[in-house]
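K.L.:
To start, I am sharing the structure in question, which I have written as structure tokens.
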Amino acid sequence: MTTCKLANNELFLGTSNNVAQCCMQGKGWQAPDWNNIDDLNEWYKTFQPFVDVRNDLNAGIQNKNCSRCWHYENNNLKSNRMPAEDNEVVVKSIEVRFSNKCNLQCKMCDVNSSNQIQNLVDKLQQEGVENHFTLQPRDYQNFDNKEKVLELILETDTIEYIQFAGGEPFVMPEVEWFINELIKRKKTNIRLGFITNVTSIKTKLLDKLINFDHVNFMCSIDGTEKYLEFQRYPAKWNTVKNNFDKLYSYKNKYKNITLKFSPCITQLNLLGIHDMFQWMSTYEGIECDFNILKNSSFLEYKLVPLKYRKKIIKQVQNLNLDWLNKKEKAAYKQFFNHGMLLHREITQEEAAYLKDFAKVWDTQGTLKTKEMCPWIDQLIN
């Protein structure tokens, strides 16, 4: 497969006032002045960077902007690429990230996707701290012309799906505003998706969402108990669990509501994988699409000494997988039978990053990095 449906039919609007064909392209390119765009599909077809990606895919060339997917595939792992259904180039799906407003400081995240991390960096810089954590690249920009973007979306009849991410969409006033506008203009036939940390689920908003034909919640729950609370500081496990149970009750009551687990696997939550999957298996009818960390390479699970990972593989061997569908079972087995045994040595630069970041993390909350990752001294010394 050389083509990709996402390159032909998806548009990503990011927190750096950037555009891409999907989130896997990273920062992509600077967004246009939306006030100068009258036809979203015409711009999408002719925007030269997008055209170049499509041409390379059709020619079998591994375009550098799609390097994350190629990296996955070259390591025998599933990428985000999907076969193109046809050659029609129109926007069918949009992911919107209105801002970096969030309520967490997830450890695999950065200043551009969380204003809480941005605030922490600002505080440490004022205190004179200068290390890899405080010097992380910052290119966050306010999302320009939200009203104009909404109009373009409403005028584009080919759009079938809108996904909200962030930041955390359920703490962004723009998301609720957008939903209200869609309802007001009778656009409830558009399917909606939310990538959420499940810490701030509001019943009032859920009651509005049941008006849409289909709403999917991708729940970023990376573990149970301390493993979630450490990786997604300062989230509280009981809050997340109770909110997920609320979503689950809506799913069981309304056929248009679906849920998906979307944990991010890093070395920080690796020891909690067994308990995480065991907890997930107690819910029926929920898909699971676990993600391997795509950035912050110093947190990659492949850096963990193999003796620890072999113990984890042994732990999960007897887990019940009946709750996973056929495709998910195959991905799960591929990961634990092959991916979990892939190893690489940490670079000197990554060790410096890990050391600086861990030093900051250990000032936040009561859980310490060494408790969660007993191998860390081997990596940073």
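K.L.:
Does residue 111 count as within 26 Å of residue 295 (Cα to Cα), free of Cβ contacts under 8 Å to residues at least 40 places away in the same chain and part of a helix (DSSP H, G or I)? Explain how you work it out, then say what you get.
P.N.:
Numbers: within 26 Å of residue 295 (Cα to Cα): yes; free of Cβ contacts under 8 Å to residues at least 40 places away in the same chain: yes; part of a helix (DSSP H, G or I): no.
When the stated conditions are applied, residue 111 does not pass them.
K.L.:
Tell me, which helices (runs of 4 or more DSSP H) lie completely within the range 262-360 with 3 or more residues that are without any contact (Cβ under 8 Å) to a residue 60 or more places away in the chain and among the hydrophobic types (A, V, I, L, M, F, W, C)?
P.N.:
Details: elements: 273-280, 306-316, 326-337.
Where helices (runs of 4 or more DSSP H) fall fully within the range 262-360 and carry at least 3 residues being without any contact (Cβ under 8 Å) to a residue 60 or more places away in the chain and among the hydrophobic types (A, V, I, L, M, F, W, C), they are 273-280, 306-316.
K.L.:
Take residue 238 and decide whether it is surrounded by fewer than 16 Cβ atoms within 10 Å (Cβ to Cβ), of a type outside the set (A, V, I, L, M, F, W, C) and not in a loop (DSSP other than H, G, I, E, B). Outline the logic, then answer.
P.N.:
Values: surrounded by fewer than 16 Cβ atoms within 10 Å (Cβ to Cβ): yes; of a type outside the set (A, V, I, L, M, F, W, C): yes; not in a loop (DSSP other than H, G, I, E, B): yes.
Yes, satisfied.
K.L.:
Let me ask something else. So which of 124, 57 is of a type in the set (A, V, I, L, M) and either touching an Asp or Glu at 6+ places or on another chain (Cβ under 9 Å) or within 25 Å of residue 15 (Cβ to Cβ) (or both)?
P.N.:
124
K.L.:
May I ask you to verify whether residue 243 is over 18 Å from the mean Cα position of the chain (by Cα), surrounded by fewer than 18 Cβ atoms within 10 Å (Cβ to Cβ) and assigned to a helix (DSSP H, G or I)? Spell out the reasoning first.
P.N.:
Values: over 18 Å from the mean Cα position of the chain (by Cα): yes; surrounded by fewer than 18 Cβ atoms within 10 Å (Cβ to Cβ): no; assigned to a helix (DSSP H, G or I): yes.
For residue 243, the condition - over 18 Å from the mean Cα position of the chain (by Cα), surrounded by fewer than 18 Cβ atoms within 10 Å (Cβ to Cβ) and assigned to a helix (DSSP H, G or I) - is not met.
K.L.:
Yes or no: residue 90 among the β-branched types (Val, Ile, Thr), under 26 Å from residue 5 (Cα atoms) and either touching a helix residue (DSSP H, G or I) at 6+ places or on another chain (Cβ under 9 Å) or surrounded by 19 or more Cβ atoms within 10 Å (Cβ to Cβ) (or both)?
P.N.:
Details: among the β-branched types (Val, Ile, Thr): yes; under 26 Å from residue 5 (Cα atoms): yes; either touching a helix residue (DSSP H, G or I) at 6+ places or on another chain (Cβ under 9 Å) or surrounded by 19 or more Cβ atoms within 10 Å (Cβ to Cβ) (or both): yes.
Spelling it out, residue 90 is indeed among the β-branched types (Val, Ile, Thr), under 26 Å from residue 5 (Cα atoms) and either touching a helix residue (DSSP H, G or I) at 6+ places or on another chain (Cβ under 9 Å) or surrounded by 19 or more Cβ atoms within 10 Å (Cβ to Cβ) (or both).
K.L.:
Kindly evaluate residue 81 against the criterion of being assigned to a helix (DSSP H, G or I), in contact (Cβ under 8 Å) with a residue 24 or more places away in the chain and in contact with a helix residue (DSSP H, G or I) (Cβ under 8 Å, 6 or more places away or on another chain).
P.N.:
no
K.L.:
Working only within the range 291-330, note down all residues that are within 18 Å of the chain's Cα centre (by Cα), at pLDDT below 90 and not charged (D, E, K, R).
P.N.:
Matches in the range 291-330: 291, 292, 293, 295, 296.
K.L.:
Separate question: Looking at (1) farther than 30 Å from residue 374 by Cβ; (2) in contact with a helix residue (DSSP H, G or I) (Cβ under 7 Å, 6 or more places away or on another chain); (3) touching a residue at least 40 places away in the same chain (Cβ under 8 Å), which is the one condition that is false for residue 208?
P.N.:
For residue 208, the failing item is (3).
K.L.:
A further question on this structure: Among 179, 221, 201, 159, which is the only one that is crowded, with 19+ Cβ neighbours inside 10 Å, among the aliphatic types (A, V, I, L, M), out of contact with any Phe, Trp or Tyr (no Cβ under 9 Å at 6 or more places or on another chain) and not in a strand (DSSP E or B)?
P.N.:
On the way: 179 fails: out of contact with any Phe, Trp or Tyr (no Cβ under 9 Å at 6 or more places or on another chain); 221 fails: out of contact with any Phe, Trp or Tyr (no Cβ under 9 Å at 6 or more places or on another chain); 201 fails: out of contact with any Phe, Trp or Tyr (no Cβ under 9 Å at 6 or more places or on another chain).
Result of the check over 179, 221, 201, 159: 159.
K.L.:
Out of 65, 76, 103, I need the residue that is farther than 12 Å from residue 8 by Cβ, modelled with pLDDT of 80 or more, not charged (D, E, K, R) and not in a helix (DSSP H, G or I). Which one?
P.N.:
Details: 65 fails: not in a helix (DSSP H, G or I); 76 fails: modelled with pLDDT of 80 or more.
Answer to the check: 103.
K.L.:
Residue under question is residue 241, and the condition is that it be out of contact with any strand residue (DSSP E or B) (no Cβ under 6 Å at 6 or more places or on another chain) and at pLDDT 95 or above; does it hold? Write out each step before concluding.
P.N.:
Details: out of contact with any strand residue (DSSP E or B) (no Cβ under 6 Å at 6 or more places or on another chain): yes; at pLDDT 95 or above: yes.
Here the answer is yes, as residue 241 does meet what is asked.
K.L.:
So how many residues does the range 112-141 have that are crowded, with 17+ Cβ neighbours inside 10 Å and hydrophobic (A, V, I, L, M, F, W, C)?
P.N.:
The total comes to 4.
K.L.:
Would a scan of the range 271-285 turn up a residue that is of a type in the set (Gly, Ala, Ser), buried (at least 18 other Cβ atoms within 10 Å of the Cβ) and either at pLDDT below 95 or within 21 Å of the chain's Cα centre (by Cα) (or both)? Before you say what the answer is, go through the steps one by one.
P.N.:
Taking the range 271-285 as the starting set, the residues that turn out to be of a type in the set (Gly, Ala, Ser) are 272, 281, 285.
Then drop every residue that is not buried (at least 18 other Cβ atoms within 10 Å of the Cβ), which leaves 272.
Next, from what is left, pick out any that are either at pLDDT below 95 or within 21 Å of the chain's Cα centre (by Cα) (or both): 272.
Checked the range 271-285: at least one residue is of a type in the set (Gly, Ala, Ser), buried (at least 18 other Cβ atoms within 10 Å of the Cβ) and either at pLDDT below 95 or within 21 Å of the chain's Cα centre (by Cα) (or both).
K.L.:
Moving on. Restricting to the range 4-54, what's the tally of residues that are within 19 Å of residue 156 (Cβ to Cβ), in contact (Cβ under 8 Å) with a residue 40 or more places away in the chain, surrounded by fewer than 20 Cβ atoms within 10 Å (Cβ to Cβ) and of a type in the set (S, T, N, Q)?
P.N.:
Qualifying residue count for the region: 2.
The values are calculated or read from the model by the stated rules, or taken from the named source; none is laboratory data. Since we're looking at a predicted model, the values are computed, not measured. Positions of Cβ are backbone-derived with ideal geometry, glycine not excepted, and every protein chain shown enters the neighbour counts.
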